[in-house]
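Every number here is computed from the coordinates shown, using simple stated rules; none is lab data. The model shown is predicted, which means the values in this text are computed figures rather than measured ones. Virtual Cβ from ideal backbone geometry, glycine too; neighbours counted across all protein chains shown.
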Amino acid sequence: MTGEHRAGGANDRWAALRGATAIVGVGTTQQGELAGRGADEIAIEALALALADAGLEKADIDGLITCRSHGDFGIDTEIGRLAGLNPRYGATLDYGTCNFSLHLAVMAIASGLADTIAILYGTNQRTAGNRFATGAGAGSALYEPHGFVNIAGPAALAFQRHAHLYGTTEEQLGHIAVNQRHNAKLNPLAIFTQDLSLADYLAAPYLVEPLRRPDVCMISDGGAALIVTTAQAARDRPRPPVYVLGIDEVTGLRLHQNPDNLLRPWIRSLGDAIYPRAGVRRDDVDVLYIQDPTSVYVLQMLEWFGFCAVGESGPFVAAGHTRLGGDLPVNTSGGQLSESYMWGWLHLCEAVRQLRGECGARQVADAHVAQYCSAKAFEKAAVSILGTAVPS
């Protein structure tokens, strides 16, 4: 078989998946400190909220995808038992940020394993005292002797590398935290809503130089859930369906065998593939969500998905493109830097609410296409494109 035929077959599969599934319900609990509550209990509350949002009952769910939190929490067998669910299909991801969980749901529905799947996550990591004092991702045995016991150390090095190559400044980086704090002030769910000016940012002490406290997310408790179903079933739900137009993933499993891996250049392949796969253009993206355990990764994703040239993300954010009111609003809820950590789950919930026009003072006018890109440290990355309509 020729390469041309193989590509044609792949294009046919992408077209068949485009808009075949839709998100019909989202549920988010309070965020921050939820004392006296277990992670599974919080996840089940989010599930109940998502079912109510979708106008569905537990009996309508025939698939359950959960996300293992730190410790033995978030396992589908426990969640199913506590929630009173006995679905046809169940799975648990060890690293289930919402993109990866959503992708598994789309694939399970496409294969006929289930028709209506709940994906959910709950954590009590703040009140339980989890300090994330372990190596940042795979290869941690190489990091820990050098003090890299969370994501801030490698991210600080990544920014230093970007600054060395392209002249990116700390002031440019600061625009990310400042912009997202502004968005969080318009979000009742957000944890950090105090004023943050660029002068405030630059006056803050270093946490891990050159990163300051506003550059790094806060450990938090909370829960989130989404209901994913077939496009046909989505038409009967009370709220407008948000269609999954395209998904893609890539790995960097060779870690620092990959050239310049602090900058994660292997993510570029996602930016090259996702838009034709979803049937949209890059310019069609109205709202962009970037998993942001640190602000540095916002710079990287802007470049690798082609929203600005490589090396130009610093001036791009400083010019205001990513603000509310700019041509590419980013992390309109405040993101992980100001809304809540939650492994990026709230990004996808916010994307759905933006496309349904439910975000009040932070609503982006005429938002029809949303993109969410996320990564697991230096190992894996994923992207989803959502839309209010399926491209013809």
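Let a ≥ b ≥ c be the square roots of the eigenvalues of the Cα gyration tensor of the stretch 24-75; is it rounded (a/c under 1.5), or, if not, prolate (a/b larger than b/c) or oblate?
oblate
Based on Cβ point charges of +1 for Lys and Arg and -1 for Asp and Glu, what charge dipole magnitude is obtained for the stretch 325-380 about its Cα centre, in debye rounded to the nearest 20?
140 debye
Going by the alpha-carbon gyration tensor, a ≥ b ≥ c the square roots of its eigenvalues, is the chain rounded (a/c under 1.5) or, if a/c is not under 1.5, prolate (a/b greater than b/c) versus oblate?
Note, shape of the chain comes out rounded.
In nanometres, what is the gap between the two model label sites at Ala10 and Asp94, each 7 Å from Cα along Cα-to-Cβ?
Each label point is offset 7 Å from its Cα along the Cβ direction, giving 2.7 nm.
Could you check what % of the DSSP bridge pairs in the chain are antiparallel, to the nearest 5?
In the chain, DSSP labels about 75 percent of beta bridges as antiparallel.
How would the stretch 295-392 be classified by its alpha-carbon gyration tensor: rounded, prolate or oblate, with rounded meaning a/c under 1.5 and the a/b versus b/c comparison settling the rest?
rounded
Can you list the HN-Hα couplings for the stretch 52-68, worked out from phi with the Karplus curve (6.51, -1.76, 1.60; θ = phi - 60°), rounded to whole Hz and with x for Gly and Pro?
For the stretch 52-68, the Karplus curve yields 5, 4, 7, x, 10, 10, 4, 5, 7, 8, 10, x, 9, 10, 10, 10, 5 Hz.
If the chain between Gln232 and Thr193 were fully stretched, how many nm would it gain, using 0.36 nm times the residue separation less the Cα-Cα distance?
Contour length minus Cα-Cα distance gives 10.0 nm.
Tell me the label-point distance for the pair Ala35, Asp272, using the 7 Å Cα-to-Cβ offset, in nm and rounded to one decimal.
5.3 nm
Sequence-distant or interchain residues sharing an amide H contact under 5 Å with Gly90, placed H: which?
Close amide H contacts, sequence-distant or interchain: Leu64.
With a cap of 14 neighbouring Cβ atoms within 10 Å, and only residues DSSP puts in a loop, list the trypsin sites (Lys or Arg not before Pro) found in the stretch 169-237.
Sites meeting the loop and neighbour criteria: Arg235.
So what are the ³J(HN,Hα) numbers for the stretch 73-87, from phi and the Karplus equation (6.51, -1.76, 1.60; θ = phi - 60°), rounded to whole Hz, Gly and Pro as x?
Karplus-based 3J(HN,Hα) across the stretch 73-87 equals 10, x, 8, 4, 5, 6, 4, x, 5, 5, 8, x, 10, 9, x Hz.
So what J values fall out for the stretch 347-361 if you push phi through Karplus, 6.51 cos²θ - 1.76 cosθ + 1.60 with θ = phi - 60°, rounded to Hz, Gly and Pro as x?
3J(HN,Hα) across the stretch 347-361, in whole Hz: 4, 6, 4, 5, 4, 4, 5, 5, 5, 8, x, 10, 9, x, 5.
Compute the distance in nm between two label points, each set 7 Å from the Cα along the Cα-to-Cβ direction, one at Arg81 and one at Arg281.
Using points 7 Å along Cα→Cβ, the separation is 5.4 nm.
If the elastic network links every pair of Cα atoms under 10 Å, which of Met301, Met107, Met342 fluctuates the most in the Gaussian network model of the chain?
Between Met301, Met107, Met342, it is Met107 that shows the largest mean-square fluctuation.
Calculated from DSSP H runs of 4 or more alone, at -39500 (n - 2.57) each and per residue, what is the 222 nm mean residue ellipticity of the chain, nearest 500?
Calculated from helices alone, the mean residue ellipticity at 222 nm is -10000 deg cm²/dmol.
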